[in-house]
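Everything on this sheet refers to the single structure shown next.
The values are calculated or read from the model by the stated rules, or taken from the named source; none is laboratory data. Not measured: the values here are computed from a predicted model. All Cβ positions, glycine included, derive from the backbone under ideal geometry; neighbour counts span all protein chains shown. Quick note on the areas: whole protein, heavy atoms, side chains included, nothing else; ligands and nucleic acids left out. Shrake-Rupley method; radii C 1.70, N 1.55, O 1.52, S 1.80 Å.
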Amino acid sequence: MKSRILMCITAMALFAALAIPPRLAAQRQTYTVLHSFAGPPTDGSNPFDFGSLVRDSAGNLYGTAFAGGASNNGVVFKLDDHTRKQTVLHSFTGSPTDGAAPAAGLIRDKAGNLYGTTTSGGTTGYGVVFKVDPSGMETVLYSFTGGADGANPQAGLARDSAGNLYGTTSSGGTSGNGVVFTLDPTGKETVIYSFTGGADGALPYARLVRDLAGNLYGTTISGGTTGNGVVFKLDPTGNETVLYSFTGGTDGRAPVAGLVRDPAGNLYGTTTIGGDLSAFGGLGCGVVFKLDSTGKETVLYSFTGGADGCQPFAGLVRDAAGNLYGATESGGNSNSGVVFKLDITGKETVLHTFTGPDGLQVDAGLVRDAKGNLYGTTVGGGASGYGVVFKLTPCDEDRANPEGCGDRVESTAVAFIRTPQVPLGKTAVTSAPTATLSPTSLTFSTQAIGTTSVAKSVTLKNTGTTSLTINSIAITGTNAGDFAQTHTCGISLAAGASCSISVTFKPTSSGTRTAALSITDNAAGSPQKVALSGIGVNGGTLTGSCIVPVGNQCAGGKPLFGCPTGQPVITPGFVGCGFGPLHHDVPVDTSRRCRIPNLSLSGYCIRTVP
């Protein structure tokens, strides 16, 4: 009898524990938008970091945004942990006295000084290394000349105990394929290694990792024995060792992000393409890999391009248990990227799937605090389409139902909102229209000023139970005049019915252009919005047909950049583009004919630069 009573009490206690929504909700993961960038002139836009945020002991976050600010040349920002107030610490002004377009994250010293790089600006336009002190005062520590010293740094920095900084440039050097450099506290730059573009690698985009012996580890997006990128090591004397050369097959191809190193000396990283070559038009969606101390590579996970994500441009963060956390630029249910976890067995769990309003396209790595919260940025999406800073609190996987972890239980609000409970035997009845938009954001490829893009479609569906009354469908926002819409929706939609809205992009000026498609109606949440963005460029002339490139050089010796997504930049006096939705222009002699990337890494088109 006692045993039966004990069993009943245990069962009742278990039932009661499972029936308490507040406790269960507290264990489930929560996604929170901490800041939605508003764009120029008062805020940054498009945090396009080949790095990650940096977090101080008080929990404040620091980072960069590629554009925005008073001169639309990017900013350094701080996000207060308690108030969630964002402060622009420095707004870049560009050449000749300041940097422009920071594409990397920051590092922070004990005094609170921040250090970083910009891809352009400076005395000759090839980028700078800068310092921002706690008061927000910026100092340009070094301005690249574009010659043997390097050009266009895409990566963040590493710092030793003596205050020396270490970094990479994506171009420049003796062969134009990038360098590894060090900058001492007096501002003297020394090139540690200059890539040749051969078996040693070419075009380093990633932040370096430094071990206690002073060895540096990094990646290049191309070069190597098959031209698909390498993992390299540099000893303190500048001798390079290629630890692994990617073949471009199932082992991965074109690593953009840096590495993470465990106590045993194993290196972990991602490649943007390669892996499962049945995905992404035969290019593959990238892999997560491990490289042991003998140089043996193991593919821990190969992305399929479905709900699991595609193209991990961001690096990884590793916890004490050996779990890896990262993000992808695309893939997921909305093709806007995901945040994922990879356990030590290679099992991937999608922690969050981006939809647009909550952010889209993660190019920056994550940062993880002592409680396991993850912080990051997105290139686009958010309230204004300029990207967001987010926090993700993963669920407690030690509870009885770890399968409950994932997007099914996430919240995109600041706090959990409990769903009202319906008594047993009753059915909840609602009588209202519900407006659903798909997709929730549109990103147009680069478009010549004054020309009209191919139309993109948005579907408006009434998923409610009564008729949806449509009051207006319009383009609103900062650059509303650059976008146009037509639709088949009429003035109402019956329950379950849908209609199509066609949107085109015709830029009136160069640079990033943003607006929103706004639908005003009688449904909750009106007006519903679709974030619109595109890049306007000055026209150029494409001549010839696509060819397979030989090497990674233009006719004049300037390096090329792979472009697996989006259109090539076509700007007078410039050629080339960088990874992701924001393109990095590389100055060239205007008399040269250069190969520029087409839609994949496998072919190039010839363009005469006007």
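Kindly work out what percent of the DSSP beta bridges joining two residues of the stretch 102-228 are antiparallel, to the nearest 5. Restricted to the stretch 102-228, the bridges split so that about 95 percent are antiparallel.
Computing Rg and the Kirkwood Rh from the Cα coordinates of the stretch 247-288 gives a ratio, Rg/Rh, of 1.08. Okay, which of the stretch 32-57 sit inside 17 Å, backbone N to the point 7 Å along the Cα-Cβ direction of Ala370? Output list for this probe position: 55-57. In order along the stretch 283-297, phi translates into HN-Hα couplings of 7, x, 9, x, 9, 9, 10, 10, 10, 7, 5, 8, x, 7, 9 Hz, rounded to whole numbers, per the Karplus curve 6.51 cos²θ - 1.76 cosθ + 1.60 with θ = phi - 60° and x for Gly and Pro.
The label-point distance for Thr486 and Ala70, in a model that sets each label 7 Å from Cα toward Cβ, rounds to 4.5 nm. Amide H contacts of Ala448 (H built 1.01 Å from N, in plane; Pro and chain starts excluded): Val537 sit under 5 Å, all sequence-distant by 5 or more or on other chains.
Extension gain, Ser445 to Ser472: 0.36 nm times the residue separation minus the Cα-Cα distance gives 7.0 nm.
Across all C-alpha atoms in the stretch 111-227, the radius of gyration and Dmax reach 13.8, 48 Å. The amide H of Gly223, built 1.01 Å from its N in the peptide plane, has Ala202, Asn228, Gly229 as neighbours under 5 Å, considering only residues 5 or more places off or on other chains.
The value of relative contact order for the stretch 246-360, using C-alpha pairs under 8 Å at least six residues apart, is 18 percent.
For Thr250, the residues whose modelled amide H falls within less than 5 Å of its own, excluding neighbours fewer than 5 places apart on the same chain, are Gly275.
Distance between the modelled labels on Asp56 and Asn239, one decimal in nanometres: 4.3 nm (7 Å Cα→Cβ projection).
FRET efficiency for the Ser161 to Thr226 pair, using the beta carbon distance and R₀ = 30 Å, is estimated at 0.20.
A full extension of the chain between Ala455 and Ala111 corresponds to an added length of 118.7 nm, given 0.36 nm per residue minus the alpha carbon distance. Karplus-based coupling profile of the stretch 456-469, in residue order and whole Hz: 10, 10, 10, 9, 9, 10, 8, 9, x, 10, 10, 5, 9, 8, with θ = phi - 60° in 6.51 cos²θ - 1.76 cosθ + 1.60 and x standing for Gly or Pro. Contact order, relative form, for the stretch 150-221: 27 percent (alpha carbon pairs under 8 Å, 6 or more residues apart, mean separation divided by residue count). By a 1.4 Å probe calculation restricted to protein chains, Glu297 has an accessible surface near 30 Å², given to the nearest 10. Each residue of the stretch 93-99 was assigned a 3J(HN,Hα) from its phi angle through the Karplus curve 6.51 cos²θ - 1.76 cosθ + 1.60 (θ = phi - 60°); the sequence is 9, x, 4, x, 9, 9, x Hz, with glycine and proline shown as x.
Placing dummy labels 7 Å off each Cα toward the beta-carbon, the span from Lys85 to Lys131 is 2.8 nm. Straight-line reach from Lys529: taking Cα to Cα under 27 Å and skipping same-chain neighbours fewer than 8 places apart, the lysines in range are Lys85, Lys391, Lys456, Lys461, Lys506. Quick check on the stretch 275-334: take the gyration tensor over C-alpha atoms, sort the square-rooted eigenvalues as a ≥ b ≥ c, and tell me if it's rounded (a/c under 1.5), prolate or oblate. Oblate shape, in that a/c is at least 1.5 and b/c is the bigger or equal ratio.
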